[in-house]
Structures are given as structure tokens and as C-alpha cells.
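See structure below.
Each value in this text was obtained by applying a stated rule to the coordinates, not by laboratory testing. Since the structure is predicted, the reported quantities are computational estimates derived from the model, not experimental observations. Cβ placement follows ideal geometry from the backbone for every residue including glycine, while neighbour counts extend to all protein chains displayed.
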Amino acid sequence: MASRRMILGGALAGAITPSMRAAANETSLPPQVPAWSRTQGEAVNWRPYGLPSEFEKGVVKVKRPSPMPQEGVSLTPLQNLQGIITPSGVVFERSHGGTALIDPAQHRLMLHGLVKRPLIFTMDDIVRFPSQTHIYFLECSGNTSRDWRSPVSKTVQESHGLMSGCEWTGVPLATLLDEAGVLPEGKWILAEGADASGHTRSLPLEKCLEDTLVVYAQNGEMLRPEQGYPLRLFVPGWEGNVSVKWLRRIKVGDAPFMTRQETSRYTDLMPDGKAREFTFLMEAKSVITYPSGTHQLKGPGFYEISGLAWTGAGKIRRVDVSVDGGRTWRAATLQEPVLHRALTRFRVPWQWNGGPAVLQSRAIDETGYVQPTLAQLVRVRGFNSRYHNNAIQSWAVANDGKVSNVQV
Amino acid sequence: MSKSDSLIMTFVAGCAVASATNAQAQAYGFGKPATPREIAGWNIDVSPDGRSLPPGSGTAARGKALYESQCAGCHGMKGEGSLANQLAGGIGTLNTDKPVMTVGSYWPYATTVFDYINRAMPFTAPQSLKPDEVYSITAYLLFLDRIVGEHDVLDASTLPKVQMPNRNGFVSDPRPDVRNADGGKL
């Protein structure tokens, strides 16, 4: 950790500032004994809810500019994170009507439609059901959508930050559906949020019964407001917007409900003018998070390339890394655990010779699917499909050690 | 059977006994029945079949003033878009380099327009419009692209019958549709 921060110097937002470094040099380094070793620290439990060190205050989400402050996205600082769990405070947001602030005592989940027994659950009811905890990734289908035509994103936060991985705890939706008794003609559900957009998506019953959860907790604590407190849907491996936040209603129907979000919004326009609908699956994807856009390497020598891979289809089987723009590849080490529909951390050692390099990673999942190049995607889908850009990402390292987003 | 399994079985059996009088088939018996009145207040979704459309009606002629006061601030006086999305125009552009995706050019169902306005608009006061107002604004948006006439009455029976220009513009998901040429060879 410490050595990497020194290597990166000021390139990392939140790194030690020059003035702090100067002060440290004078009084805190050997042979001096630093002040914090000569006085008592803060009282135990000085902050009843712990927060990151003040030296990490630059590690934050960034909001992408949007006309309405409540409608838009904020991005996860992937370049600053380790392992496979995204801390709850920096999990990306995609909201269509702001963050609803809901008193859990006032929240209700209504389950109705083609069921034998329409039911209303309180939060106390929900948490009494048998629960499950799983580690899953969550990715917006619009992740990397700005880079279809040219590499406009500067950092991996901008290019890939609509993606996070967390531990989620909730009740299988199948349990609640059983409780209400789905009628034989029930084939789809509508999930609706209690936010100001009344965000709604249809889901096939099959997926609801397979592994969809009604989630109340994230990374060991109750959901954060931005993540749908007190209750959200979680649909593993599928585009993030179907994991409806602030979940207030589930209606069982015999066909998809054709809401605005699944007709005019989250559909993928092809060159022939036809649009794909219900493109739920997030296909295999990976990205190198270190070194990545705007990082500055401090001269030739050893660097550990590290990144994340994920697939909605199941587990990551292998990740290959290239340092020559895809001409040659070698398999990266996958950090255990490698989990179903979760982030997988990969690493590969690299001796930088100081010359130009183009770093790429390529994920292969357990179905044998190989992450494609951007050119391969564009050849089939053109430039107007907006969503589901899972192309291989390229980071160029210049002679001076500057790292930037490129397309090769 | 593990210890935890047997605990679950005990628990489930207890519930079944406790709730035997009112909900025999519920495994746990949590939650309360949703009454028709409770459901009616929240059951706002409108599917293409239009079955759940509310009573009421509207026309583009009546919708014009409503649109201009409630919607035009963000979407432009003629639905041309400003702060928020363009809502009209763009028909025939979907297969070009610069597709313009609007209600008129892209949305496959007129019922969805009603549903979305009713649940989420205006942005500053969602769920504040009355059914007649939603019908009228829907009619006005469709009139901007001449999908309905200025005085056509939209209601629960006519709205689902409106044919949107891009009704047949959607296909199911064909993925995996892209193969990495070298198949991931090392």
C-alpha cells in the first residue's frame, strides 16, 4: 500500500499532499520520533461510526454532470480500491428521481397481481424470512458507454465506475412469491420503486425464482439510502437498473409490462434501426485498475498490474493481460475467492522497460465466452447501441510514464 | 437433517398452526392481506393492453396548455427538448448515424406514455396530475408527431389502440452476438 502510494505520488487523488510530505520529512522520519508516538491518540470510539482516514478524503464518487441533480450517475473510484468488495460509501449510483429518504417503519412492500394472496409486508416482516448473503457485482448497462466512438474517459473511474461489488443480504424473491402463491398464468413480474421516478422494470419469473433477492443489507449493515434503503431488488449478473431500489411493489403478470425504462431507455439500437429489448445479461468484462488512466509511473522497474473481471454468466475462468496492445498475452493470477457473478481480482507482475506500452486485460468466463475488442463489438452493433459496451480496455503507458485511455 | 434444518422445520410447523385459520398455504404467515382499496392506491402501472387505465379522457387540444405550463420548461415548447429529452420528431432517423429517439420515433406503446407521465412527471411533482390531465398531455405529445388528431379523444378504450410508428422496431436479445476472433488463445 504505502510503497504504491509513493510510486504514484500526486497522481492519486487523496494521496499525501506536498505540504504534508514536507512536514513529515522534517519531524516524523527516522531518526526523529513522530508526534503521534509521543502523545495519546484520539479517545477510543471517538467517532462512533468509523470513517476513512482524512488522508483518503479524495477517494470519493464523482457525479457525471447532468441537467437535473436528481437524475444521473455517480462513479466508483475503482483506481483507489483493493480486493473485490466496494465500500458502501463509494458504490456507484444510478438514480432517476433522486435518493428517497425513507423511514423503514413507514415502508411497505406490496405483492399482488396474479397471486392467490395479495400481501403487504412491513420491514419487520421482511427480515423475519430466511435470508441469504451473497457477494455479487452490480454494473450499470451504461458503464463505458461514453467510449464507443473515442476514448473520452480520462480515468478508470470515468470509464468503468458504474460498477461495484458488494456483499448483499436479503430474502429470496422466490420465498415471497411462494408466500403469495403465484397463479399458473403468472410469467413476469413488475418491480417498482418508491422513489419519485417510480422506477419500474419487468423481469421474467424464471429469473425471480432462480437467484433474485429482496435485499435489505449491504456489506454487513443496512442498505445505504443511495442504494435503496430500506429495501431493494437484487438481480445477480443482470444490468443494474433491474435491481430496483426503494422497492415498494411487486406485481405478477402474464407478460412484460413495457415500462418506459424497458422500451425507450434501456434498449439497444442497432445499425438497421431495430432495437434489442430486455438485454438483461452483463457479459464478461475486465479492466486494469492499476496502472490506469492519469496514473504516472515513476520510471522503469517493477509494477504489479492489477484489475477486476466479472461476468453475469457465472464465474471468471481466466484473465489474460497484454502489455503490447494485444499482440501477446499471458494469464494473470486470479485472487481467490473466484465467485459466481462477483468481481474477481487479477494480478500480473510487470517489469516496465521504460518504453511505450499498451496494457489490456481480456476476461474469459466459465461458458468459454471471451471478452471482445471494441472493433468486434462495433462491427456487429454499430455506434448507437449505447449500452453493454464490454470491450477490452487499453491503457497506454508513454515513455514518461504517463498512463492514458486509448483505443488500439 | 442438520440441526438448523430441524429448527426451520419446527418454525414452519409453528407458523402453519398459528395461521391455519386464514392463510393455510402460507409457509410463514408474515405480512397481511392487501385489501382492494390498498392495492388501488398503488396499482398505477399501465400495460399495452390498457386494462388498468383509469376512467377519464383527454385530447391534444386540451393538452396543449397543460403541456406548455407543466412540461415545456424542460422538454421545449414543441417537444424539441432542452434540459430534458426531446419528445417529438426524429421519425425515420433510427437507422441513420444520428438517430433521434423520441416518443414519436421510438416508443412502441402509447400506453407507456400515459404510464410514465402519470408516475414520474412533472419532474418537480410526480403523481400530481389527474387522469384527464395525463390523457390530455399524452394526446398532445402524440399529436406533435401527428400520431393522433388534435381532437381525437384518448381514454381507456382508445389509448391502447393507438399504433405507434415504431411498434415493430424491437427484437429480442440475440447475445452472445460477438465473437472474439482469436478465441482467447495465449
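The simple Förster model, with R0 at 25 Å and r as the Cβ-Cβ distance, assigns B:ASP152 and B:ALA84 a FRET efficiency of 0.45. Backbone amide hydrogens, once placed in the peptide plane, bring A:GLY113 within less than 5 Å of A:VAL252, excluding anything fewer than 5 places away on its chain. Fully extending the segment from A:GLU210 to A:SER37 would add 56.8 nm, taking 0.36 nm per residue of separation and subtracting the current Cα-Cα distance.
Summing Lys, Arg as +1 and Asp, Glu as -1, what charge do residues with Cβ under 10 Å from the Cβ of A:LEU308 carry, A:LEU308 excluded? Once positives and negatives cancel, what remains is +2. For segment A:139-235, GluC sites (Glu not before Pro) meeting the loop criterion (DSSP other than H, G, I, E, B) and having at most 13 other Cβ atoms within 10 Å: A:GLU185. Using the rule -39500 (n - 2.57) for each DSSP H run of four or more residues, divided by the residues of chain A, the 222 nm mean residue ellipticity is -3000 deg cm²/dmol. The alpha carbon centroids of segment A:294-331 and segment A:226-276 are separated by 32 Å. Normalising the average separation of contacting C-alpha pairs (under 8 angstrom, six or more residues apart) by the number of residues puts the relative contact order of segment A:90-276 at 28 percent. Within the straight-line cut-off of under 18 Å between alpha carbons, the aspartates and glutamates reachable from A:LYS274 are A:GLU262, B:ASP97, B:ASP173, B:ASP177, sequence neighbours fewer than 8 places apart in one chain being disregarded. For the pair A:GLU185 and A:ARG117, the difference between a 0.36 nm per residue extended length and the Cα-Cα distance amounts to 23.0 nm.
In sequence order, segment B:158-169 has phi-based couplings of 8, 4, x, 8, 5, 8, 7, x, 9, 3, 9, x Hz under the Karplus curve 6.51 cos²θ - 1.76 cosθ + 1.60, θ = phi - 60°, and Gly or Pro positions carry x. Legend: mean number of C-beta atoms from other chains within 10 angstrom of residue C-beta atoms, peptide A:275-288, equals 3. In this rough spin-label picture, where each label sits 7 Å from Cα along the Cβ direction, the B:MET77-A:VAL44 distance is 7.1 nm. Modelled this way, with points 7 Å down the Cα-to-C-beta line, the labels at B:ALA65 and B:ARG179 are 6.4 nm from one another. Applying a DSSP loop filter and a limit of 15 other Cβ atoms within 10 Å to the trypsin sites (Lys or Arg not before Pro) in segment A:307-408 leaves A:ARG327.
The Cβ shell under 13 Å around A:TYR229 holds other residues with a net charge of -1, Lys and Arg each +1, Asp and Glu each -1. Counting only residues at least eight positions apart within a chain, or on another chain, the lysines with an alpha carbon under 22 Å from that of A:LYS57 are A:LYS154. Residues A:PHE278, B:PHE114, B:PHE30 in ascending order of nearby Cβ atoms (within 10 Å, fewest first): A:PHE278, B:PHE30, B:PHE114. Each residue of segment A:280-288 was assigned a 3J(HN,Hα) from its phi angle through the Karplus curve 6.51 cos²θ - 1.76 cosθ + 1.60 (θ = phi - 60°); the sequence is 6, 5, 9, 6, 4, 8, 8, 7, 7 Hz, with glycine and proline shown as x.
The long axis of helix A:18-27 is offset from the longest Cα principal axis of chain A by roughly 50 degrees. The alpha-carbon of B:LYS64 sits under 23 angstrom from the alpha-carbons of these lysines, leaving out residues fewer than 8 places away in its chain: B:LYS78, B:LYS130, B:LYS161.
Packing-based ranking of B:98-110, A:102-114 yields B:98-110, A:102-114, ordered from highest to lowest mean Cβ neighbour count within 10 Å. Within 10 Å of the Cβ of each residue in A:380-388, the mean number of Cβ atoms contributed by other protein chains is 3. For segment A:282-374, the relative contact order comes to 37 percent (Cα pairs under 8 Å, sequence separation of at least 6). A:GLN296 sits among other residues whose Cβ lies under 11 Å from its own Cβ, and their net charge, with Lys and Arg +1 and Asp and Glu -1, is +1. Look at the stretch B:41-54: the mean tally of other chain Cβ atoms within 10 Å of its residues' Cβ atoms is 4.
What trypsin sites (Lys or Arg not before Pro) in segment B:28-116 are in a loop by DSSP, with at most 13 other Cβ atoms within 10 Å of the Cβ? The qualifying sites are B:ARG51. With the simple spin-label model, which puts each label point 7 Å out from Cα in the Cβ direction, the B:ILE91 to B:SER52 separation comes to 3.0 nm. Rounded to 0.05, the FRET efficiency of the B:THR35 and A:ASP324 pair, given R0 = 51 Å and the Cβ-Cβ distance, is 0.15. For the listed residue pairs A:LYS63/A:LYS402; A:LYS116/A:LYS315; A:LYS63/A:LYS298, the alpha carbons are over 28 angstrom apart in A:LYS116/A:LYS315; A:LYS63/A:LYS298.
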